[in-house]
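The values are calculated or read from the model by the stated rules, or taken from the named source; none is laboratory data. Quick caveat, the model's predicted, so the values are computed rather than measured. Here Cβ is always computed from backbone atoms with ideal geometry, including for glycine, and neighbour counts include all displayed protein chains.
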Amino acid sequence: MTEILRAEKLRKQYQMGEVTVDALHGVDLAVVKGEFVAIMGPSGAGKSTLLHLLGGLDSPSDGDVLLGGRRLAHLSDDEITVVRRREVGFIFQFYNLLPTLSAAENVALPLLIDGKRAGEYGARVDELLHMVGLDQRKNHKPDQLSGGEQQRVAIARAFVNDPKIVLADEPTGNLDSKAGTAVLELLRRASREMDTTVAMVTHDPGAASYADRVVFLQDGQIVRELTADEGELGRQEIIDAMAELEL
Ligand SMILES: Nc1ncnc2c1ncn2[C@@H]1O[C@H](COP(=O)(O)OP(=O)(O)OP(=O)(O)O)[C@@H](O)[C@H]1O
Ligand SMILES: [Mg+2]
């Protein structure tokens with residue numbers, strides 16, 4: 001199994017005036033190609049920070065990230081930008097759509113930024129909007145879409161560049177259970193059928209049960225992992241682990 005993503009002794013400190021916030025201290029994590037990992041833990045545990053570092057959106061205070069075998073610490077900012085644009089899809093906690101662009105244009109944005117022309121990606125954008133059930137909302141601007149619809153646009157956008165890795169922060173947090181299930185099935189299908197690696201932050205044990213592995217983060221450290229040996233992780237198994245950890 002090919003390792004595609006690795007965090008080595010990852011630390012992140014935020015300096016807030018006099019106060020130092022130790023958001024991550026010493027996180028080691030290796031993820032193989034096609035694996036679906038869920039990251040759980042209380043608010044403030046460092047989950048979003050970890051996801052940002054894994055995707056090269058922010059740089060660690062210490063330690064390193066290997067993305068597709070490349071050490072991000074060895075790359076220039078421009079090189080990291082290209083890796084991120086071509087190989088990583090992000091689904092953020094707060095959708096991060098551009099308000100002046102339509103749903104279709106938001107989905108196409110990563111390709112546009114990468115210098116592709118509209119004629120080259122129209123069909124791909126339509127396919128993705130169909131996949132998230134938004135065929136009828138192509139021309140809507142974000143403020144003309146519900147929260148769940150905006151999230152689905154963000155999900156379609158994350159897949160538009162056929163990423164090797166999708167990093168998702170609470171992708172189902174604002175969705176009803178039907179839309180949430182569709183998103184989770186989509187992520188699982190991407191990992192199983194397209195060999196896309198998925199790392200997803202979630203508070204929901206039901207959502208985490210879609211993953212092959214659950215990593216529990218507490219106070220900036222991994223405190224426990226659950227792996228689906230054969231078949232699937234059970235929601236109850238995850239709830240029991242959370243109770244044991246008093247999360
Ligand atoms: N830009 C920043 N500047 C200073 N402190 C930050 C910054 N971003 C995060 N932190 C702090 O780092 C810690 C970890 O934050 P992070 O956003 O990673 O938590 P989280 O696990 O994603 O929480 P949540 O479940 O609430 O989204 C928190 O204590 C937070 O206050
Ligand atoms: Mg967060």
Report task. Kindly establish whether His74 is under 27 Å from Thr181 (Cα atoms) and either out of contact with any Lys or Arg (no Cβ under 6 Å at 6 or more places or on another chain) or surrounded by fewer than 17 Cβ atoms within 10 Å (Cβ to Cβ) (or both). Result -> no
Query raised in the report: Inside the stretch 2-47, can you point out the residues that are more than 11 Å from ligand 1 (Cβ to nearest atom), surrounded by 14 or more Cβ atoms within 10 Å (Cβ to Cβ), more than 23 Å from Glu237 (Cα to Cα) and among the charged types (D, E, K, R)?
Result: Glu3, Arg6, Glu8, Arg11, Lys33
Query raised in the report: If you take the residues in the stretch 207-238 that are surrounded by fewer than 15 Cβ atoms within 10 Å (Cβ to Cβ) and under 29 Å from Ala179 (Cβ atoms), which one is modelled with the lowest pLDDT?
Result: Gly231
Requested in this report: Search the stretch 47-69 for residues that are assigned to a helix (DSSP H, G or I) and pair each with any residue that is of a type in the set (Lys, Arg) when their beta-carbon atoms are under 7 Å apart and the residues are at least 6 apart or on different chains.
Outcome: Thr49/Lys12; Leu53/Lys12
Requested in this report: Report the residue count in the stretch 111-146 for those that are under 21 Å from Thr181 (Cβ atoms) and either in contact with a Pro (Cβ under 7 Å, 6 or more places away or on another chain) or among the acidic types (Asp, Glu) (or both).
Outcome: 2
Query raised in the report: Looking only at the stretch 173-198, which residues are modelled with pLDDT under 90 and either within 16 Å of ligand 2 (Cβ to nearest atom) or in a strand (DSSP E or B) (or both)?
Result: Gly173, Asn174
Requested in this report: Given the conditions (1) away from ligand 2 (no atom under 14 Å from the Cβ); (2) in contact (Cβ under 8 Å) with a residue 60 or more places away in the chain, report the number of the one that Thr202 does not fulfil.
Outcome: (1)
Query - Failed condition for Lys138, given (1) surrounded by fewer than 22 Cβ atoms within 10 Å (Cβ to Cβ); (2) within 19 Å of Phe36 (Cβ to Cβ) - result: (2)
Query raised in the report: Looking at the stretch 144-172, which of its residues are among the acidic types (Asp, Glu) and either farther than 23 Å from Val32 by Cα or assigned to a helix (DSSP H, G or I) (or both)?
Result: Glu149
Query raised in the report: Out of all the residues in the stretch 122-140, is one or more touching a residue at least 40 places away in the same chain (Cβ under 8 Å), under 21 Å from the mean Cα position of the chain (by Cα) and in a helix (DSSP H, G or I)?
Result: yes
**Report entry** Filter result (modelled with pLDDT of 90 or more, surrounded by fewer than 14 Cβ atoms within 10 Å (Cβ to Cβ) and among the β-branched types (Val, Ile, Thr)) within the stretch 83-132
**Finding:** Thr100
